[in-house]
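Since the structure comes first, as C-alpha cells, the remarks are kept for the end.
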Amino acid sequence: MKSKMLLTLAALLVVAGLTTVRLVNANLGPVQAGGGPSSSAFKVLEPIRHGNLTVFPVVAPKSYATNEFLTLDEGLRSGEVVVTEYGNVSGLLRRRSPPAMQRDIAEVNRLVLINNAKRPLLLLAGEIVTGGKQDRVIGKDRIVPSESDPVDLGVFCVEPGRWVASSDHFGASGTTYASGTAGGGGVSSGTLMAQPSVRAKAMGDKDQNQVWAEVRKQQQSMTVEVAAGASAVNADEIRSTSSYARVMENKDVKEKVDEVAQPIEQNYQSLIKQLRDRKAVGVVVAVNGRIIWSDVFASAELLERYWPKLVRSYASEAVVTRAKGGEASLAQAEAFLGEMEGRRETIESEPGIYRHTEINGDGFKAFALTSLLPKTGFDLHVAKMAE
C-alpha cells in the first residue's frame, strides 16, 4: 500500500514529458534554440573592473518580452509561490484529491514547489531557498507554468549538518540588496545566488557530495578572508555554521562582499541607463584575469531583475579567490562567449513549457533554457561555465 501511494504521488508530481532526454554526439553550432539570437550576434563591451573582479557587459541586437515571467524572489515575497519538503504536499494539490501523506519522507535532493500565480515562474540554477530541514540550491533552470500543481524539484543541499525542520516551507534568505533599475530602485530582500564555483557543481557535476565539498571549501576560504578582522562573536558564527546561506548573511562577510560588489553594481547601473537602448542582456565574468562564467538573458529587463544577486555571487567568488593573475581582455571575453561548439548535447523538454539544453565542449559547459510557452519560443537564459 505504501509503495502504491508513493508511486501515485510520483505520477502526480512528475510533469508529462519532463523525462524526455536526448543525447547527441555532434559538433554543435551556436546556441540558437527557439529562434533566439546566436552567440555570434552578441557584442561584448569594454569591462568594468574592481579589484580582482572584471565584468564585461553583453548587448544583443534584439530583446524579447519577458515581463510576464515571475521570478522566485517575487513569488516568495508575495506568497504565490510555495516551496516545501517532499512529503508535505497535502493540501497543495488544486485539481486532484490529495493522497494521504506521511510527513517523514523528506529527501535531501527533492523539494516540491507550487506556483499559485497567474504568471509562469522562472527558476534559475544556483538560487538558494532557506528553511525546511536543510537549505537547498536549485540544480537546473526551468519554467513552472502558472497555477501549477506541485512540481518535483531537483535540488542540492548547501547546509551539510542539519536535518531538523526550521519551518514547514522555504523562503528567501535574510539578504537585502538594492533593487534593480527596472524596479525603480529601493531595497528589497531575496534569495541568494550561489557563487559560480558552487553553481558549477550543482549544474555541471550534478553530484551532492561535490556540492557539499565545494560549500565546505568556500566556507573555509571565506572564514580565512573575513574572520581575522571580524568581531569575536561574528568570527565564531562564521566558523560554527554549516549553512552556506548563513555564512553569506554574516555581517562581516556581507561587508567584505560589498567592498567588491557595490562599486561594480554602481558602475553597471550607471552603464545600464546608457545602454538600455542598446539592449544590454548579460555579462561575461572574470576573476584574477581568468574568464570563469557568463549569464545572458532574453532581455535587459530580465537581467536587471536578477542583477543585484548575480553581482554579489560574482563578488563572493572574487573575495575567496586570491591567486595572482593578469587582466582578462576584451578579446578573451568575446572568444569565451562566442565558442558554443560542443561534443555532446543533452536536451530535456517539458512540451509546451520549456526546453533545457546542456552543451559539453572543450573546457566549458553551457546551458540554455528556452521558453516554449505561447508567444515565446526564445532562449530566456543562457549560462556558460569554464571548466
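Brief remarks on what is shown
- One residue from GLU255, GLU249 being acidic (Asp, Glu) and either at pLDDT 75 or above or open to solvent by less than 10 Å² (accessible area, probe 1.4 Å) (or both): GLU255
- Every residue from the stretch 97-139 that is modelled with pLDDT under 90, open to solvent by 40 Å² or more (accessible area, probe 1.4 Å) and among the charged types (D, E, K, R): ARG103, ASP104, GLU107, ARG110, LYS133
- If you go through the stretch 340-387 and pick out every residue that is farther than 22 Å from PRO196 by Cβ and within 17 Å of the chain's Cα centre (by Cα), you end up with 4.
- Top-ranked residue of the stretch 323-345 - restricted to ones that are touching a Leu at 6+ places or on another chain (Cβ under 9 Å) and modelled with pLDDT under 95, ranked as nearest to VAL284 (Cα to Cα): MET340
- Scanning the stretch 44-62 for residues that are part of a strand (DSSP E or B) and surrounded by fewer than 18 Cβ atoms within 10 Å (Cβ to Cβ) yields one hit, ARG49.
- Just so you know, in the stretch 117-158 the residues that are in a strand (DSSP E or B) and of a type in the set (Gly, Ala, Ser) include one that is nearest to the chain's Cα centre (by Cα), and it is GLY154.
- Residues (open to solvent by 10 Å² or more (accessible area, probe 1.4 Å), modelled with pLDDT of 70 or more and touching a helix residue (DSSP H, G or I) at 6+ places or on another chain (Cβ under 8 Å)) located in the stretch 140-169: LYS140, ASP149, ASP152, PHE156, GLU159
- Within the stretch 307-320, the set of residues being in contact with a Lys or Arg (Cβ under 9 Å, 6 or more places away or on another chain) and among the β-branched types (Val, Ile, Thr) comprises VAL319, VAL320.
The values are calculated or read from the model by the stated rules, or taken from the named source; none is laboratory data. It should be emphasised that the depicted structure is a prediction, and the values quoted were computed from it without experimental measurement. A quick note on method: Cβ atoms are made from the backbone with ideal geometry, for glycine too, and the neighbour counts reach across all protein chains shown. Keep in mind that these areas ignore ligands, DNA and RNA; they rest on the heavy atoms of the full protein, side chains included. Shrake-Rupley method; radii C 1.70, N 1.55, O 1.52, S 1.80 Å.
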